[in-house]
1. For residues that are open to solvent by 10 Å² or more (accessible area, probe 1.4 Å) and within 17 Å of B:Trp298 (Cα to Cα), scanning just the stretch B:327-348, find the one that is nearest to the chain's Cα centre (by Cα).
2. Could you tell me how many of the residues in the stretch A:202-221 are of a type outside the set (Lys, Arg), surrounded by fewer than 21 Cβ atoms within 10 Å (Cβ to Cβ) and assigned to a loop (DSSP other than H, G, I, E, B)?
3. For the structure I just gave you, tell me whether B:Thr228 is touching a Ser or Thr at 6+ places or on another chain (Cβ under 8 Å) and within 22 Å of B:Leu353 (Cα to Cα).
4. Inspect the stretch A:394-401 for any residue being within 16 Å of the ligand (Cβ to nearest atom), open to solvent by 10 Å² or more (accessible area, probe 1.4 Å) and polar (S, T, N, Q) and give the result as yes or no.
5. Which one of these does B:Arg219 not meet: (1) surrounded by 24 or more Cβ atoms within 10 Å (Cβ to Cβ); (2) within 25 Å of the chain's Cα centre (by Cα)?
6. In the stretch B:172-198, what residues are open to solvent by 10 Å² or more (accessible area, probe 1.4 Å) and among the basic types (Lys, Arg)?
7. Among the residues that make up the stretch B:237-246, is at least one of them farther than 21 Å from A:Ser284 by Cα and more than 10 Å from chain A (Cβ to nearest Cβ)?
8. Looking at (1) closer than 25 Å to B:Leu161 by Cβ; (2) hydrophobic (A, V, I, L, M, F, W, C); (3) touching a residue at least 60 places away in the same chain (Cβ under 8 Å), can you tell me which one A:Val164 breaks?
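The values are calculated or read from the model by the stated rules, or taken from the named source; none is laboratory data. If you're wondering where the values come from, they're calculated on a predicted model, not measured in any experiment. As a convention, Cβ positions derive from the backbone with ideal geometry for all residues, glycine included, and neighbour counts pool all protein chains shown. Areas reflect the complete protein model, heavy atoms only, side chains present, ligands, DNA and RNA absent. Shrake-Rupley method; radii C 1.70, N 1.55, O 1.52, S 1.80 Å.
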Amino acid sequence: MIDSDFLSELERIVGTDGLVRDESELLTYESDGLMSHRSRPAAAVLPETAEQVQAVVRLCHQRTVPFVARGQGTGLSGGALPHPEGVLIVMTRMNRVLDIDIPNQRITVEPGVINLEVTRQVASDGYYYAPDPSSQVICSIGGNLAENSGGAHCLKYGFTVHHVLGVEAVLPDGEMVHLGGAALDSPGLDLLGVVVGSEGTLAVVTKVTLRVLRRPQAVRTLLAAFDSTDAAGNAVSDVIAAGIIPAAIEMMDRTTIRAAEAAVQPGFPDAEAVLIVELDGSQSEVETRFKQIEAVCARNQAWGVQVAQDDAQRGRIWMGRKAAFAAMGRVSPNYYVQDGVIPRSTLPEVLRRIRALEQRSGLTIGNVFHAGDGNLHPLVCYDEAVEGQAELAEHVASEILSYCLDVGGSLTGEHGIGSDKACHMPKMFSADDLATMQLVRVAFDPDGICNPDKLFPTPRLCGEVPGPYRAHPAETAGLAARV
Amino acid sequence: MTTITSASPADAVADLNSRLDAPVARVAAHTDIIDGVLPRLVVEPATPAQVSQTLAWATERGRTVIVRGGGTKIGWGPTSSSIEVLLSMSELDGVEAHRHGDLTATVQAGTTLSALNAVLAEHRQWLALDPPDEDSATIGGIVATNDSGPRRHWHGAPRDLIIGMTLVRADGVIAHSGGIVVKNVAGYDLARLLTGSFGSLGVIVNATFKLAPLAEASRTVVVDFPGTDQCAPYVAGLVAQASMPTALELAAPPARMLVRFESVETVAEQQASHAVTIAGQHGGTAVVLTGDDETCAWRAHDARVFGADQGGTILKVVTMPAELSSTLARIGEEAQANQLDYAVTGRAGLGVLHVLLTGGAAARASIIMALRSRVPLGQGSVVVRRADAELKSLVGVWGPIGDGLPIMREVKRRFDPTGTLGPGRGPGGL
Ligand SMILES: Cc1cc2nc3c(=O)[nH]c(=O)nc-3n(C[C@H](O)[C@H](O)[C@H](O)COP(=O)(O)OP(=O)(O)OC[C@H]3O[C@@H](n4cnc5c(N)ncnc54)[C@H](O)[C@@H]3O)c2cc1C
């Protein structure tokens with residue numbers, strides 16, 4: 001319980017300036033990027049040091065008070081949704097760059113540092129930080145780490161987990177640990193590998209060592225229009241079949257092209273689909289591969305091909321792509337961003353089902369995807385003012401997730417499960433799978449105070465039976481009982 | 001829990017076979033000896049269900065289990081004084097699915113790497129791992145030890161390529177993590193947790209990986225330098241020129257580097273000749289190899305430390321990449337001071353080295369201790385990869401783990417409360 005005594009303890013740790021208890025000020029923190037989920041925390045703290053984080057967590061642990069870490073609050077799955085009886089630990093003041101080590105291609109930062117700032121710090125040396133979520137100008141490294149964020153370029157360069165080498169973190173009992181390290185292959189279990197992507201449910205990260213990469217010698221970006229998403233999808237398949245791993249392959253459909261055009265005028269052709277393909281590497285590699293890509297596009301009847309001639313043109317193409325979410329605001333009063341994954345080769349089949357759903361539901365569905373890795377972002381448009389449309393949109397978005405699971409895909413490729421999709425988890429994982437994940441959870445957080453009610457379905461969130469229960473083969477064989 | 005360790009191996013085999021859906025348990029033979037210890041019984045399951053039945057039985061009966069893949073790394077980790085159940089995974093083999101359009105594959109844990117890659121090659125793809133012993137090392141063993149080879153430089157280690165896993169817990173429960181898609185953040189990443197866990201948390205029965213296309217052409221630049229001091233500047237020179245080799249290996253003494261380029265023919269050729277020029281600027285003599293010569297050079301490189309006829313102790317020494325020169329110098333000095341013969345190979349760009357030592361046990365122990373004393377926590381490590389029982393007991397396998405050890409122990413305790421799975425053999429002595 002948070003009482004005045006607890007609040008003065010918090011104040012003693014973070015100072016008057018670092019404690020937010022005023023109801024109206026707390027409003028700022030009510031939700032993250034998933035605005036439909038809101039909850040006001042009992043208190044929010046803005047620590048400036050790892051020691052302060054540790055003291056806050058230790059206090060919460062002593063009193064069994066829940067706490068939730070928050071970065072920049074751009075998450076789209078309600079991962080940073082506050083607990084109404086808990087403390088919100090806002091990490092934004094911990095935004096120092098601690099060490100830049102170019103000879104080792106490392107940088108160590110506090111978790112409140114903004115993603116793009118990492119690249120800015122090393123750019124003059126010819127390096128960059130590879131994971132580039134579309135939100136990179138506003139999201140924090142701590143949030144990226146918790147969500148294992150990806151970006152357009154993760155097809156070739158991997159996700160956050162491939163670029164985090166070590167962390168300092170405060171465990172839910174207040175102990176501070178170091179997982180991984182500046183060097184590779186620290187002996188011991190790879191707990192870093194599971195903390196990355198754990199959505200703030202295992203620890204509060206207070207320091208992060210990242211790997212930075214040498215800027216490639218050459219980059220080439222092409223935009224091509226297609227008369228159908230199928231044709232664009234086939235072009236993607238042909239690129240992969242040719243043994244090429246581009247730095248990025250992104251697809252947008254007519255709805256999102258028009259929205260982007262209305263918002264930022266990137267000069268995209270008015271087509272059923274566009275592909276953005278980017279190659280990077282050595283000059284000779286890029287030139288050779290680029291010819292192959294052009295041939296693939298021609299073979300699939302691409303038209304309106306634009307090849308970026310300089311950084312400005314390249315920037316314009318990417319601006320059109322990265323603005324796609326926000327741009328939907330131009331064509332629809334409200335929209336719901338879905339995030340699902342399919343095996344890339346099932347793209348035409350799943351898109352057809354989405355089109356049919358669009359017609360059946362009467363709601364416009366725009367599509368932007370990281371086509372190279374099968375990560376779909378359907379944008380379900382609706383109007384809040386029309387009664388029942390918000391619920392319908394949510395329903396339609398869930399339906400799309402079921403299409404993803406039908407073809408062996410995933411509930412989320414980058415936005416996370418959070419509070420949004422916790423109740424969907426039993427559709428993807430058996431009770432045994434979830435119970436096994438819980439073993440990790442209880443090892444770190446036996447009291448369940450670290451970002452509770454996220455990621456895992458609970459009866460409180462989802463009702464008594466969270467989703468359809470699938471008996472595991474081992475259970476039917478009488479080998480294993482449900483935990 | 002009933003403990004019947006006093007029962008004869010034959011009785012235990014009968015007891016277990018009565019619980020299995022096929023009699024895949026047997027009394028151990030001499031070929032099953034590990035580090036001089038004869039297991040009491042051996043189980044060769046052909047299905048995940050049989051793995052589950054075996055583990056459930058072992059946990060209930062209080063027996064300990066050690067997992068063997070191809071047996072190539074079974075001597076890693078601390079020696080056990082007794083082994084009750086040896087779980088041999090070799091029957092659980094085969095490629096379950098190769099989704100070539102998606103660049104992914106699912107494979108059973110007992111499949112050897114070379115068998116898997118032979119299947120994937122039909123569509124010009126491969127699981128981009130090249131650890132030693134690819135003909136006998138199994139996927140389960142490679143994942144459990146997070147083992148990799150030269151081309152880790154570009155492609156990464158198993159932990160970077162794994163996207164899904166089926167595992168069997170000590171209590172027999174079968175669980176899945178991840179899936180068959182390359183991008184997926186649903187749930188905790190248990191596949192990554194189990195990777196490199198040396199079988200301490202569960203038995204891996206299958207794994208799904210992201211694959212890579214096979215390159216059309218390959219060139220390897222072999223550079224000989226007068227001394228190891230020139231190696232690190234050469235690596236820096238390549239990095240500064242944005243050179244993108246798939247392998248960047250070092251071999252010492254004396255001082256050789258192997259730099260591999262894989263792409264289309266013209267590109268590989270061009271990059272190789274560029275690397276030759278840079279080598280010249282750093283005082284090296286270079287040749288470019290391709291075809292059989294290239295294959296032979298890599299085989300010889302691999303054999304320097306891992307060759308079947310090489311006895312001796314193998315250490316894995318990890319350093320910060322920029323400390324490469326000083327680390328090599330230190331290894332050389334310590335070897336000389338302790339009158340040991342040594343050979344080093346490894347990933348020059350990543351700071352991951354393997355050191356083969358031959359000489360007296362006390363001298364080997366002393367070099368390990370000396371090397372460990374010089375690395376600050378988190379900045380490197382010295383782990384014993386292969387050694388006799390005597391050395392392992394003298395210096396321990398892992399070296400310091402740091403303040404993460406208690407939470408690692410707690411994770412182990414939650415997964416395997418009765419200590420069924422290779423107790424003491426996991427990383428950090430879990
Ligand atoms: C317009 C837009 C575009 C986006 N595009 C992408 C994209 O391309 N790719 C992508 O992956 N995501 C994208 N996102 C989602 C979001 O930006 C990412 O998930 C991002 O990583 C969240 O960072 P944040 O700092 O805002 O974290 P928050 O939203 O504040 O928190 C996210 C999670 O991280 C946890 N957390 C935060 N800091 C810490 C810490 N120090 N220790 C432990 N846990 C912590 C929180 O508890 C929460 O669970 C987008 C969002 C928007 C609004």
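1. B:Arg347
2. Residues flagged as of a type outside the set (Lys, Arg), surrounded by fewer than 21 Cβ atoms within 10 Å (Cβ to Cβ) and assigned to a loop (DSSP other than H, G, I, E, B) within the stretch A:202-221 amount to 2.
3. yes
4. No; the residues of the stretch A:394-401 include none that is within 16 Å of the ligand (Cβ to nearest atom), open to solvent by 10 Å² or more (accessible area, probe 1.4 Å) and polar (S, T, N, Q).
5. (2)
6. Scanning the stretch B:172-198 gives a single hit, B:Arg192.
7. Checked the stretch B:237-246: no residue is farther than 21 Å from A:Ser284 by Cα and more than 10 Å from chain A (Cβ to nearest Cβ).
8. Of everything listed in (1) closer than 25 Å to B:Leu161 by Cβ; (2) hydrophobic (A, V, I, L, M, F, W, C); (3) touching a residue at least 60 places away in the same chain (Cβ under 8 Å), A:Val164 misses just condition (3).
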